[in-house]
1. If we count other beta carbons within 10 Å of each Cβ, what is the order of A:Cys261, B:Cys40, fewest first?
2. Given N residues in region B:86-152, what is Rg(Cα) / (2.2 N^0.38 Å)?
3. Which value, in debye to the nearest 20, gives the size of the charge dipole of the protein assembly as shown about its Cα centre, when Lys and Arg are +1 and Asp and Glu are -1 at the Cβ?
4. For the pairs A:Lys137/B:Lys71; B:Lys71/B:Lys152; A:Lys63/A:Lys217; A:Lys59/B:Lys115; A:Lys37/A:Lys145, flag any whose C-alpha to C-alpha distance is greater than 32 Å.
5. Where does the Debye-calculated log10 I(q)/I(0) of region B:1-98 sit at q = 0.12, 0.25 Å⁻¹, using only Cα point scatterers of equal weight, no solvent?
6. Using a Förster distance of 25 Å, how high is the FRET efficiency between B:Glu124 and B:Gln98, based on the Cβ-Cβ distance and rounded to 0.05?
7. From zero outward in steps of 5 Å, how is the percent of C-alpha pairs of chain A spread across the bins?
8. Expressed as a rounded percentage, what relative contact order does region A:1-51 have, with Cα pairs under 8 Å and six or more residues apart?
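What follows is calculated from the coordinates using simple rules that are stated; it is not laboratory data. All figures in this text were calculated on a predicted structure; none of them were measured in a lab. Reconstructed Cβ throughout: ideal geometry from the backbone, glycine too, with neighbour counts over all protein chains shown.
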Amino acid sequence: MKGFNFHSVKNVKEAKKLASGKSAFLAGGMTTIPAMKLRLASYSDIIDIKNIKDLSGIKVSSKSLKIGATTKHAEVAASKEVKKAISSLAHLADGIGDPQVRNRGTIGGSIANNDPAADYPAACLALNAIIHTSDRKIVSDKFFKGMFETALKKGELIQAVEFQVPDKSCYVKFPNPASRYAIVGVYVAKYKKEVNVAVTGVESAVFRCKKIESALKSNFSSSAIDGVKISSSGFNSDIHASSDYRAHLIKVLAKKAVAGCK
Amino acid sequence: MQKVSLEINGKKVSREIEDHTLLSTLLRDILSLTGTHIGCDTSQCGACVVHVDGKSVKSCTLFAADIHGSKVTTIEGLANNGKMHPMQEAFKKLHGLQCGFCTPGMVMSAVDLLKNNKKPSDQEIRDWLEGNICRCTGYQNIVAAVKEAASKM
Ligand SMILES: Cc1cc2nc3c(=O)[nH]c(=O)nc-3n(C[C@H](O)[C@H](O)[C@H](O)COP(=O)(O)OP(=O)(O)OC[C@H]3O[C@@H](n4cnc5c(N)ncnc54)[C@H](O)[C@@H]3O)c2cc1C
Ligand code: FES
Ligand code: FES
């Protein structure tokens with residue numbers, strides 16, 4: 001790994017001041033450190049944001065659930081508030097990687113990284129999340145831009161992710177048996193006036209499957225998905241799963257998710 | 001350079017280290033605590049698992065400077081007055097190891113499991129050890145050892 005200067009900052013202002021074209025924020029480090037070791041990335045400055053007060057923690061109201069950026073996966077998975085407000089989200093956090101990844105990895109880091117097979121981006125799209133940053137609020141539909149690409153500008157810090165509490169919801173993933181990243185993951189969330197179906201692991205970035213959404217809008221049942229045709233064109237194809245298999249899995253998992261909604 | 005102070009296995013340790021020093025490098029190369037193993041060095045295998053402030057983490061994926069002021073427990077810190085920890089006893093008794101390379105990480109991870117779940121089921125043990133890879137045993141005896149330790153603790 002190439003050397004760098006390590007900075008531990010106490011507030012957002014300090015973090016922003018240190019940020020440059022050659023710096024990275026450090027949250028759990030579960031993506032950044034392996035990338036630096038493999039020399040896929042190198043930085044002159046690493047800015048540890050975990051000691052910034054108020055960046056970690058969980059707040060619930062009747063309509064929304066707000067999770068601070070440096071809140072760890074293990075904390076979300078174990079949180080009584082999350083289990084009560086959006087149990088599918090606690091379940092998602094509990095399925096990320098392994099216990100040691102969950103003891104370090106954070107929601108802000110996961111979303112900022114926007115891995116095409118990551119779990120939290122699907123939750124953001126399905127649960128109409130608003131991403132609160134140091135500069136603005138970004139709706140999820142405008143946040144996830146492409147492979148490892150987001151709407152974040154250089155030096156912009158995610159402070160919290162605010163999810164809209166659904167009537168019912170469920171996340172089902174078909175995990176890669178080694179890493180637990182999603183080969184395909186489908187998040188279904190039902191609100192009074194809409195149904196959201198977010199899919200991860202399938203394209204260069206997470207997306208909403210409008211075809212399944214409209215089928216479910218008129219008839220919220222697993223059988224409503226039977227007639228939907230999903231074309232595999234443009235889908236990821238690799239040693240783990242072909243694009244056709246991924247297309248097939250979207251329907252299978254969406255049906256399971258609808259049946260599992262609570 | 002960074003001055004990092006830690007409490008490692010109950011002893012206070014302070015060192016000037018390069019900013020990019022990993023906890024695994026500090027433990028193995030600087031402090032000669034070589035019980036913590038490096039298998040993959042890319043966060044996959046769990047051979048390097050230690051406890052930081054009571055929670056299991058992969059020491060190969062953690063900058064030592066990041067945990068300044070923390071308490072670290074490594075496999076060397078489990079035994080008490082020369083008597084093995086019940087988890088170590090159980091691994092020995094039930095052949096929860098063959099070559100032993102994965103064992104320090106397995107043991108540290110399993111000890112963390114029992115902190116929050118006193119009587120884990122086979123499935124819960126397997127789920128928890130997701131991040132610990134063993135190339136030898138086929139896991140059967142590891143799961144049996146964790147159950148045995150749970151019954152003794
Ligand atoms: C073995 C293994 C298995 C895994 N399995 C899964 C899985 O099953 N599902 C899954 O979804 N993920 C998985 N992950 C990834 C894991 O969830 C990581 O925690 C996550 O991708 C990155 O979070 P982090 O806090 O560690 O971020 P870091 O590595 O610290 O940072 C990642 C990137 O985000 C930036 N960043 C971090 N925080 C902020 C912020 N607040 N604002 C702006 N930018 C920020 C950093 O600068 C960096 O560019 C796995 C990782 C490993 C090592
Ligand atoms: S050496 Fe740390 S996970 Fe393999
Ligand atoms: S005993 Fe050899 S790798 Fe586990």
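1. Details: A:Cys261 18, B:Cys40 14.
Fewest to most other Cβ atoms nearby, the residues stand as B:Cys40, A:Cys261.
2. Scaled against compact globular proteins, the figure is 0.94.
3. Details: 59 positive and 38 negative charges, 205 e Å.
In total the dipole reaches around 980 debye.
4. Working: A:Lys137/B:Lys71 37 Å; B:Lys71/B:Lys152 26 Å; A:Lys63/A:Lys217 21 Å; A:Lys59/B:Lys115 27 Å; A:Lys37/A:Lys145 26 Å.
Pairs exceeding 32 Å: A:Lys137/B:Lys71.
5. The Debye formula, applied to the Cα set alone, gives -0.39, -1.41.
6. Numbers: r = 24 Å, r/R0 = 0.95.
Calculated value: 0.55.
7. The distribution over chain A is 1, 6, 13, 18, 19, 17, 12, 7, 4, 2, 1, 0, given as percents.
8. On the way: 74 pairs, mean separation 30.3, N = 51.
About 59 percent, as a whole number.
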